[in-house]
Amino acid sequence: MLGPLALLCALLFPGGVAAISLTQRAVVVERVGGSATLSCQASAYVRYIHWYLHQEGTAPKRILMLDMSRLSVQRYGGLKADKIDAKKGKESNSCELSVKKLQKSDEGVYYCAAWEAHSPGWIKISAEGTRLIVTPPDKNPDEDTSPKPTIFLPSIAEVNLHKAGTYLSLLEDFFPDVIEIDWKEQDGKTILTSQQGNTMKTKDTYMKYTWLTVSEESMGKEHKCIVKHEKNKRRFEQEILFPSINKGVVEARGSEVDPQGHSETRRNTGVVTVSPLSSLSSSPVSRAAELAAVNYTKASLKDENDPRQVQLVNTSAYYTYLLLVIKSMVYTIIIAICLLGRSALCDNGKSS
């Protein structure tokens, strides 16, 4: 059946059939017991749209097929209409998949796919998929869970010693964990090479840090960190501006410093900025931990009602404590090995 049809398409369209693309939302968040609607938009008419579910640790499985012409639905895997259904969308060539009576086990990535005629056969076209997240009944999927940034500016010691500076941005309290981060010069279009840490879960939200090392020839330019966070059915975008390093160093040298050498913490349009310090540490991660432990302890004393300050203090204290525990264990092992080695030598001496 498919062979003659593909040959006919090749004869009618010698240059090939126009490529079809499918697009989906990146993420949808709904509560347990509710319903989720996942959309699929085709760039051109397709007769059938197939839906697949991919869950962690398992192979993708087909769960449904919609005939866009007859509007008939075929389900797979024993699924019923009261659990999963599909219909033609309001927009042209669009399809909507409904997942009902949501449970935590329904979480996964839902892909839509279609078959496109190409000489000498057919090829499968699929979208990137929509990640479905099912939250507890008491959690509002539409609450403000966009990233809350704290930025760290380069230290004077790093600039003087390495002729370079490191910007660091700590992003906290965001949900879900679908996030994309890019760095650019303020007036530039080129994406710069940067580094990112792992996305870490903290209770019901996530945190992530990223940093950019700026060379000496670019220290006079302003930079920006571009954050794209996929929230429920929409995208949140934010640009975090960083002043030029040369200007920051000049301001830091002229700023007021307390007897311990700690500079003041500044706030600007919801972004917490930690000013340059005279720290000798050049590692972004270790310097971030140091800055968080010192500056936010001081800041939290000034504003004990700020939950973001308190959370960062607790997080910093936790990782500092963990580091000290690991360090203590290493020292204990080394001392034990030395003592065991000395005992062995003493025993050998007695036996001889």
note = Reported set for region 120-140 where residues are assigned to a loop (DSSP other than H, G, I, E, B), over 22 Å from the mean Cα position of the chain (by Cα) and closer than 17 Å to residue 50 by Cα is none
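Among the residues of region 153-174, what is the count of those that are of a type in the set (Ser, Thr, Tyr) and closer than 30 Å to residue 137 by Cα?
Filtering region 153-174 for residues of a type in the set (Ser, Thr, Tyr) gives 155, 166-167, 169.
Now narrow it down to the ones that are closer than 30 Å to residue 137 by Cα: none.
Result for region 153-174: 0.
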message = Of all residues being under 13 Å from the mean Cα position of the chain (by Cα) and crowded, with 19+ Cβ neighbours inside 10 Å in region 221-235, which is modelled with the lowest pLDDT? Just the residue, please.
response = 231
task = Output the residue which, of all residues in region 204-220 that are surrounded by 16 or more Cβ atoms within 10 Å (Cβ to Cβ) and not polar (S, T, N, Q), is farthest from the chain's Cα centre (by Cα).
result = 219
remark   = For region 77-102, pairs from a residue that is of a type in the set (Gly, Ala, Ser) to a residue that is part of a loop (DSSP other than H, G, I, E, B), with Cβ under 7 Å and 6 or more apart or across chains, are 98/35
task = Within region 175-223, track down each residue that is closer than 30 Å to residue 136 by Cβ and outside any strand (DSSP E or B).
result = 175, 176, 177, 178, 197, 198, 199, 203, 204
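If we keep just the residues of region 141-156 that are part of a loop (DSSP other than H, G, I, E, B) and either in contact with a strand residue (DSSP E or B) (Cβ under 8 Å, 6 or more places away or on another chain) or in contact (Cβ under 8 Å) with a residue 40 or more places away in the chain (or both), which is most open to solvent (accessible area, probe 1.4 Å)?
In the first step, residues of region 141-156 are kept if they are part of a loop (DSSP other than H, G, I, E, B); the result is 141-147, 153-155.
Still in the list and also either in contact with a strand residue (DSSP E or B) (Cβ under 8 Å, 6 or more places away or on another chain) or in contact (Cβ under 8 Å) with a residue 40 or more places away in the chain (or both): 141-142, 145-147, 153-155.
On the way: 141: 26, 142: 93, 145: 11, 146: 10, 147: 5, 153: 9, 154: 7, 155: 2 Å².
That would be 142.
Residue-wise test of (1) touching a residue at least 60 places away in the same chain (Cβ under 8 Å); (2) surrounded by 14 or more Cβ atoms within 10 Å (Cβ to Cβ); (3) basic (Lys, Arg); (4) more than 30 Å from residue 106 (Cα to Cα).
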residue	(1), (2), (3), (4)
129	yes, yes, no, no
138	no, no, no, no
158	yes, yes, no, yes
172	yes, yes, no, no
184	no, yes, yes, yes
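The values are calculated or read from the model by the stated rules, or taken from the named source; none is laboratory data. Please read these numbers as outputs of a predicted model, since none were measured by experiment. Note that we place each Cβ from the backbone using ideal geometry, even for glycine, and neighbour counts take in every protein chain shown. Heavy atoms of the whole protein, side chains included, go into the accessibility calculation; ligands, DNA and RNA do not. Shrake-Rupley method; radii C 1.70, N 1.55, O 1.52, S 1.80 Å.
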